[in-house]
Amino acid sequence: MSTSDRGSVTIWVLGLSMLLLLFGGLALDYWRALALQRELAAVADSAAIAAASGIDEETYRATGDVVLEPVRARGLAEAAVAWQGVDLVGLTVDVEPASVSVTLAGEAELGLLGVFIDQSEPLTVRGSATAAPVLVP
């Protein structure tokens, strides 16, 4: 080993260690954002299903048409989201005559990955459900 090669292994090990820390931090942030997306998707789906159970029973019994009560459907969706205790930036419930869609927005706290990704827009997830009566025999 010549005198000019002394310390080169140390520099290589330090460089590789820094790369491993960088990729580890990026992977951790990515999985944190993915976990938030999956959590929001589950909450949005359950809120949409809850809201779809807000059928106007009087109209259904009188005419057989499945129509949602907008106020009741929104209340059911909001209650389902509140019950799950998720920190949200936004919640939107769109009620159609026989279907409902719930849009949730949340913020993922990104560390190192936030340097490379624009975080001005929150992570948004949408869930939807269609109301249909369940006939019990």
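The values are calculated or read from the model by the stated rules, or taken from the named source; none is laboratory data. Just so we're clear, the structure is a prediction, and the values are computed from it rather than from any experiment. As a convention, Cβ positions derive from the backbone with ideal geometry for all residues, glycine included, and neighbour counts pool all protein chains shown.
Here are some notes:
- Only a single item in (1) more than 19 Å from the chain's Cα centre (by Cα); (2) hydrophobic (A, V, I, L, M, F, W, C); (3) surrounded by 14 or more Cβ atoms within 10 Å (Cβ to Cβ); (4) over 21 Å from Glu121 (Cα atoms) is not met by Ala77, and it is number (1).
- For the residues Ala44, Ala33, Ala77, the requirement of being at pLDDT 90 or above and part of a helix (DSSP H, G or I) singles out Ala77.
- Checklist (1) touching a helix residue (DSSP H, G or I) at 6+ places or on another chain (Cβ under 9 Å); (2) loosely packed, with under 13 Cβ neighbours inside 10 Å; (3) of a type outside the set (Val, Ile, Thr) applied to Glu121, failing item: (1)
- In the stretch 98-121, the residues that are without any contact (Cβ under 8 Å) to a residue 40 or more places away in the chain and among the β-branched types (Val, Ile, Thr) form Cβ pairs under 9 Å with partners that are in a helix (DSSP H, G or I) and surrounded by 13 or more Cβ atoms within 10 Å (Cβ to Cβ), at six or more places apart or across chains, as follows: Ile117/Asp29; Ile117/Ala33.
- Restricting Ala44, Ala73 to those that are touching a residue at least 60 places away in the same chain (Cβ under 8 Å) and in contact with a strand residue (DSSP E or B) (Cβ under 6 Å, 6 or more places away or on another chain) reduces the list to Ala44.
- Tabulated pairs, the stretch 13-39, first closer than 17 Å to Phe116 by Cβ, second loosely packed, with under 14 Cβ neighbours inside 10 Å and at pLDDT below 85, C-beta under 6 angstrom, 6+ apart or interchain: Asp29/Gly111
- Condition met for Gly85 (of a type outside the set (S, T, N, Q), at pLDDT below 85, under 30 Å from Val115 (Cα atoms) and surrounded by fewer than 10 Cβ atoms within 10 Å (Cβ to Cβ)): yes
- Thr63 falls short on exactly one of the conditions (1) surrounded by 12 or more Cβ atoms within 10 Å (Cβ to Cβ); (2) among the hydroxyl-bearing types (Ser, Thr, Tyr); (3) farther than 30 Å from Asp118 by Cβ, and that condition is (1).
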